[in-house]
Structure formats: C-alpha cells, structure tokens
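Participant: Handing you this structure, nothing more for now.
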Amino acid sequence: MTMADETKLKIVIFGAFGAGKTTLIKTLDPESKHVEANCAGGTTTVALDFGRIQSYACRIHIYGTPGQERFEFAREIITKGMDGAILLVDVTSPLDGFTRHLSNTLQDAKVPFVVFLNKCEIDGANPDAFTGQFGLSEVRKVSAKDKEQCMGALLQFAGTLAPRPNGRNHT
C-alpha cells in the first residue's frame, strides 16, 4: 500500500460542557493535543482537541469542539471539510437546549453523525431518556474511558463514511 492508497477521514466531536469530549479523544489517542484553560471545577477546552488514529488503510483525524455556546466561531472553523461527526451526550443529565441545538445543526447541514451516549455506567444515568431524540442517527452507549468500546464504535461509524483520497487536504 502506498500513501496514495490511504484514505483520510476528519471526524468532529460535538457535545455540551462536561460531556466527555476531551476524555474520549485522550482515550482514543493518548498522544492527542488539547487547547484548554482553567475554569471552575477543572479545565475546559477553549479551542480544540486533536487526535489521530491509524486503522488499516485509513487515517482518522478527530477534533473535539468547545462545549460552550460562546465558542460557536471555533466550531464553525473546525467543522470545515469534516466527513462526519460524533455527538457526545452526558446521560447523567437531562437533554439540554445546547445539545439539541448541536443535533439540529448537524441534521440541517446533512452531516453524517452518530450519537454516543456517554457515562451510562454512572449511578443515576438514564440513557433510555434519550431514545428518539436525535432523528435517524445511530445511537451507541459508550464510556469515554473505555478504549476498546470507543475505538470499536468509532471505527464502525468511520466505516459508514465516504472516505476522501489522501491527496485532498481538508484539515
């Protein structure tokens, strides 16, 4: 296989503050990069998270977006040229307006996306409350801390996307 035979995917992860986007990317790629700042309760992503995964003849670039509404401009920049998206949802809290906004935005843009219901293993989690909330998108229960589970879900989703040839620069 040559570099020309390799395909490249850009997958962007969306979700509200605290949904687990940074954790998911760190789990998938321990060498990932993060632009974050201190905030009440720890740190928060203020620009993006970035990781890479190589699987057979496919290189997947994963980008995590900030989870606050005020960073809409950053999300718009990061989403340019994306092949697909993951909407990460914290099922320990009720569905919020911001997560619904993200879902509607992805649906309106006709971006292929999958919903990962995160934190299902935590006491008080209610993944069933999210049934039917995301249109026709596939919904998967995951723990952002479980590498095998998340990698399997990511690769399964990536396999449904139309890959771009390596020569097309979109990142």
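Just so you know, all these numbers are worked out from the coordinates, no wet-lab data involved. Here the structure is a predicted model, which is why all the values come from computation and not from measurement. Don't worry about glycine lacking a Cβ; one is built from the backbone with ideal geometry, like all the others, and counts go over all protein chains shown.
Participant: Using +1 on the beta carbon of Lys and Arg, -1 on that of Asp and Glu, and nothing else charged, what's the dipole of segment 3-163 about the Cα centre, debye to 20?
Facilitator: 240 debye
Participant: Hey, another quick one. Of all DSSP beta bridges in segment 3-163, what percent run antiparallel (nearest 5)?
Facilitator: 40 percent
Participant: State, to one decimal in nm², a quarter of the convex hull surface area for the C-alpha atoms of segment 79-171, i.e. the direction-averaged projected area.
Facilitator: 6.6 nm²
Participant: Quick one: dipole size for segment 99-140, taken about the Cα centre, charges +1 on Lys/Arg Cβ and -1 on Asp/Glu Cβ, in debye to the nearest 20.
Facilitator: 180 debye
Participant: Also, I was wondering about something else. Set Lys and Arg Cβ to +1 and Asp and Glu Cβ to -1, take the dipole of segment 3-163 about its Cα centre, and tell me which of ALA125, GLN156, GLY81 lies farthest positive.
Facilitator: Farthest towards the positive end: GLY81.
Participant: By per-residue mean of other Cβ atoms within 10 Å, what is the highest-first order of 11-17, 52-58, 139-145?
Facilitator: In decreasing order of mean packing, 11-17, 52-58, 139-145 become 11-17, 139-145, 52-58.
Participant: Here's something else I'd like to know. Starting from the Cα gyration tensor of segment 3-163, take the square roots of the eigenvalues, sort them a ≥ b ≥ c, and report rounded, prolate or oblate (rounded when a/c is under 1.5, otherwise prolate if a/b is larger than b/c, else oblate).
Facilitator: rounded
Participant: How long is the gain from LYS147 to ASP108 if the chain were fully straight, where each residue apart is worth 0.36 nm and the alpha carbon distance is subtracted?
Facilitator: 11.0 nm
Participant: Another question, if that's okay. Could you please report the charge total around ASN104, scoring K, R as +1 and D, E as -1 over all other residues with beta-carbon less than 14 angstrom from its beta-carbon?
Facilitator: With Lys, Arg at +1 and Asp, Glu at -1, the neighbours total -1.
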